[in-house]
Amino acid sequence: MNPETAIAVAVLLPLLGAVGIALTGRWPNLREGVTIATALAVFGVVLSLVPGVLGGDRPGLTVLNVMPGVALAFEVEPLGMLYGLVASSLWIPTALYAIGYCRAHGEENQTRFFVCFALAIFAALGIAFARNLFTLFLFYEVLTLSTYPLVTHYGNDEARAAGRTYLGILLTTSVLFLLLAIVWTWKLTGTLEFSPGGILAGRVDGPLVAILLGLYAFGTGKAALMPFHRWLPAAMVAPTPVSALLHAVAIVKAGVFTVMKVIVYVFGIDFLSETGASIWLMYAASFTLLAASIIALTKDNLKARLAYSTISQLAYIVLGGALATATGVFGSGMHIAMHAMGKITLFFCAGAIFVASHKKNVSEMDGLGRTMPFTLAAFFVGSMSIIGLPPTGGAWSKWYLALGAAEGHHAVFVGVLMVSSLLSIGYLMPVVGRAFFLPPNPDSAPAANSDEKTTSGGFWENLREAPLLCLAPLCATAAGCVVLFFYAPDVLGLLQTMRLGR
Amino acid sequence: MIEHLPALQTVVPMMAAPICVLLRQATLVRIFAIAVAWSCLAIALALLEEVLSHGTISYALGGWVAPLGIEYRVDVLNAYVLVIVATIGAVVIPFPLDGRELRIPRERYFLFYALFLLCLTGLLGITITGDLFNIFVFLEISSLSAYALIGLGKERGALTAAFSYLVMGTIGGTFILIGTGLIYQMTGTLNIVDLARRLPPVLESRTVWIAPAFLVVGTSIKLAAFPLHQWLPNAYTFAPSMVASFLSATATKVAYYVLVRVIFGIFGAAFFFETLGLSNLLLPLSLIAMLVGSIAAIQQTNIKRLLAYSSIAQIGYMTLGLSLANLNGLTGGLVHLFNHALMKGGLFLVVACALSRVASPDLEALRGLGRKMPLTMAAFVVGGLSLIGVPGTVGFVSKWFLVLGALDKGLYAVAFLILGSSLLAVVYVWRVVEIMYFRDSDAIVERDEAPLSMLVPTWILIGGTVYFGFNTALTAGVAHTAAQFLLSLGS
């Protein structure tokens, strides 16, 4: 398969998969088979693009010209390659996990659920391989709309309210700011193509550069920069596999990916560092970064805590881009992958805990490590990656982000990163600590206590883990966090083939 | 035969109307009317093709050469509008009539088709003619048949709605006639091309200065431009949905065409925009229309009325493009003619489909319809997304050019308001979506889809909103050429 065909296949396969899932909806096993087969095939196709991109190729594909100079077109470059890999690879464990979760939980409307899931991956890959702002914006909106039925999956009033917040913030920011920025860019430059070194350099100057950057940064509501972050905690009403999709696989990563793409290929990091137009964004991102960490500390609901943790981690990535140094960009790119792997593990664990013990709050999780040791061990590994401790992948991305801050002579942000790491220890480690070191709270676990009064039995007798289809994916992604520690140079190598200057 | 196409464009539907009355038998008349409407579309497409490849066509009706005789003059602008009107006519007319929405029994359906074809004749005639008085004549043909079509609605309100439309429409028509009379008095001609030649020497006279006021206000009433829109919500609410679909997609578009023709084709853009300063009036009114129309739509409890108010907002987009008076703005306004025709025509057909299964157009009656009629309601969602202007739909294309037009003029606040008003569309579209999909979501509903004969026309229009969202060569391409043509007229 030549790369051009591979791009088309990679983007279209999830769409075909969605159709297949819809058609086989009456036979759950067949339907799930279609999901898994599609996910594997998509990952395989995306993977086949890697060697070419590493070798410096930039395969492209123009589908059609929508307006003169505005085309629906794809091109694979390293950053998009990385995001495409993250989305397509994590779809596999997420799909397995979703199958286990939905069946264990007896969810309704499973066909609609899996159809929308496949559509979201379709949109994510469209974003990853977009060659210009129009294509990116198109798939960005498709992603918003295709995930709306997932967020409102339960169809009750709470879900409807969350759906309003979700759609309200994401559509408002994208239409009001992002689209305005795109049209404005078109007016200034007459092109929307992502090109190395940016397209705005020399076309704008003065405060307008910072204004445009602001329109892009806040317009990308999926990047959850405060004050446009509310949709992310609101979307927590959705089933946990959706949270995994939102936080790790596709949606928020689409947001920060868009910001990175814009910084690198629309503004160009040289242009930004010359004009200093992104300095305010460093502070804005730092504020989000710290504020979200502090809010996370106050949340007792595990999923809400993780949601604020995500907001904080996304701000790392935006900060790395705003630093406008090559190292910062590499750090951000790596963090897209590392955070995805870490956060997906944490959400899988939260969901597994909920499925197995129906516990949602951190304060109820005392002693849970005795009944769910594998889940909580995985949680521990995922937490290490989010905090940035070796031997997990998160250590490397934090390293490069800090290095980028130091290189750009913005030492204050090195401090910000370190403080935030401490805060993340504060909100993640108590979960593990309570689960393993505190005795079970008799009030909070009446169901578990009825059939086993003591915890003195053997290790295997005490196990109350989630179903295997939930457990296996989360163990795999936890292992992935460790594997990424050793494969970080390869991720970096991929990113280093990016053309940053003109 | 080929050289007589301009005449056939109006003669074919006009002669077909009395034949409908002679045929009488409902099914026979329906098939006949469909055939006529599709041949009108074929003629319109042939004319557009001809104009795009060979330039403006001038046709002397009855062999009487202009300026004495009536000239049919087809340039890229009205060829484009002809295609819009004929397309909507051809797609909407096969939609089956539903006794639940119509005042007349099945034995008299032939009258409906006769009226429909007369209305089509009038709209095509207004567009194709190159004679100002002839515009008035066709305007009356289309208006009178439209009043009757609206009055066919089952509810009693349809009669008062038709009556108030008649009053407003007559005032509008009279104003146009007065304006026409005033400039005829000064120039002694009614031919539009001739007028454009003879007006400049007398442009300073007070008579000529008053004429545009009458013409603009008159057409604005027919266009339902804010604040002259009061007739529209009731007319669309009480008209049978299929009629609302046809009128919302064509009548206001043709009125917009007349306005553009008067401004650019007769007096010249310089006179309107520089001497009279039309933008100072039209721009704020357009913005108010966009906001007020959308906010009013949010408050409605009847889906047809909701769509009607949305139309007022969308007409605001069109007049906004006009008031920007630059290439991108005008392209946006003109492309929105086609785009809005597709979405609003399609959405009213969705309502017609829904009304074949539920008792009333109240939003409350639509609860849970998302699962009862999944295909119909999916069409609503797609059409609604197009109203919002999501990329990949026609609404995005219109918005793109309008925002660009505003930025070209340095009107950043206007660009922001254009985008902001599309967010109001999110609110009123999503209100309906929530009711259809979330209310009573626990109740068990049998799937009870509208028949294929209804779904096919609906999905042709709704599918068009997506197709032309990607393929803009025909729509934006022609609108761009038309805008260039218009801006070149004065210079």
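Numbers at a glance
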read-out	value
Distance between modelled label sites at B:LEU423 and A:VAL19, nm, 7 Å Cα→Cβ extension	3.7
Virtual spin-label span in nm between B:ILE34 and B:VAL137, 7 Å along Cα→Cβ	3.3
Rel. contact order, % - alpha carbon contacts under 8 angstrom, at least six apart, segment A:3-496	15
A:THR497-B:ARG100 FRET efficiency (beta carbon distance; Förster radius 60 Å; 0.05 resolution)	0.40
Residue order, fewest to most surrounding Cβ atoms within 10 angstrom, among B:ARG439, B:ARG305	B:ARG439, B:ARG305
Surface/4 of the Cα convex hull for segment B:223-325, nm²	6.0
Rel. contact order, % - alpha carbon contacts under 8 angstrom, at least six apart, chain B	14
Cβ-defined net charge surrounding B:GLN314, 14 Å radius [Lys, Arg +1; Asp, Glu -1]	+3
Under 12 Å, Cβ to Cβ, from B:VAL76 - net charge with Lys/Arg +1 and Asp/Glu -1	-2
Simple label model, 7 Å out from Cα along Cβ direction - B:TYR467 to B:THR170, nm	4.2
Between 0 and 90°, nearest 10: helix B:5-23 axis offset from chain B longest Cα axis	50
Note, ³J(HN,Hα) from phi for segment B:270-278, Karplus 6.51, -1.76, 1.60, rounded to Hz, x at Gly and Pro	4, 4, 6, 8, 9, 6, 8, x, 4
Span per principal axis, largest first, for the Cα atoms of segment B:2-489 (Å)	73, 57, 42
MRE, 222 nm, helices only [DSSP H, n ≥ 4, -39500 (n - 2.57), over chain A, to nearest 500]	-23500 deg cm²/dmol
Difference of contour (0.36 nm per residue) and Cα-Cα distance, B:VAL65 to B:ARG198	46.1 nm
Signed unit charges on C-beta, dipole axis of chain B, positive-most listed residue B:LEU306, B:GLY293, B:ALA79	B:LEU306
Number of partner chain Cβ atoms within 10 Å, mean per residue of A:138-146	3
Whole-number D in µm² s⁻¹ for chain A, Kirkwood Cα-pair radius fed into Stokes-Einstein, 4 °C, 1.567 mPa s	57
Mean projection area, nm², convex hull over Cα of the protein assembly as shown	41.0
Which of B:THR481, A:THR497, B:THR319 has the fewest Cβ neighbours within 10 Å, and the rest in rising order	A:THR497, B:THR481, B:THR319
Amide hydrogen neighbours beyond the local backbone of A:VAL63, cut-off 5 Å, H modeled	A:LEU72, A:ALA73, A:PHE74
Under 21 Å from B:LYS154, Cα to Cα: lysines that are on another chain or at least 8 residues apart	B:LYS304
Cα long-axis angle, helix A:411-437 against chain A (0 to 90 degrees, to the nearest 10)	20
Sorted by Cβ density within 10 Å, fewest first, the residues A:ASP300, A:ASP366	A:ASP300, A:ASP366
Euclidean distance of C-alpha centroids, segment A:184-242 and segment B:204-283, integer Å	39
Extreme residue, positive dipole direction of the protein assembly as shown, given options A:GLY100, A:ALA326, B:GLY368 (C-beta unit charges)	B:GLY368
Shielding score for A:173-185, defined as the mean number of other chain Cβ atoms within 10 Å	5
Cα-based helix-to-principal-axis angle, A:110-128 vs chain A, degrees rounded to 10	30
Links that overshoot a 32 Å alpha carbon limit, given the list A:LYS222/A:LYS398; A:LYS253/B:LYS399; A:LYS398/B:LYS399; A:LYS222/A:LYS359; B:LYS344/B:LYS372; B:LYS253/B:LYS409	A:LYS398/B:LYS399
Potential extension, A:VAL412-A:PHE287 segment - 0.36 nm per residue separation minus Cα distance	43.8 nm
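Each reported figure results from applying straightforward, stated rules to the coordinates on display, with no laboratory input. Computed from a predicted structure; not experimentally measured. Cβ sites come from the backbone with ideal geometry, for glycine too, and all protein chains shown count toward neighbours.
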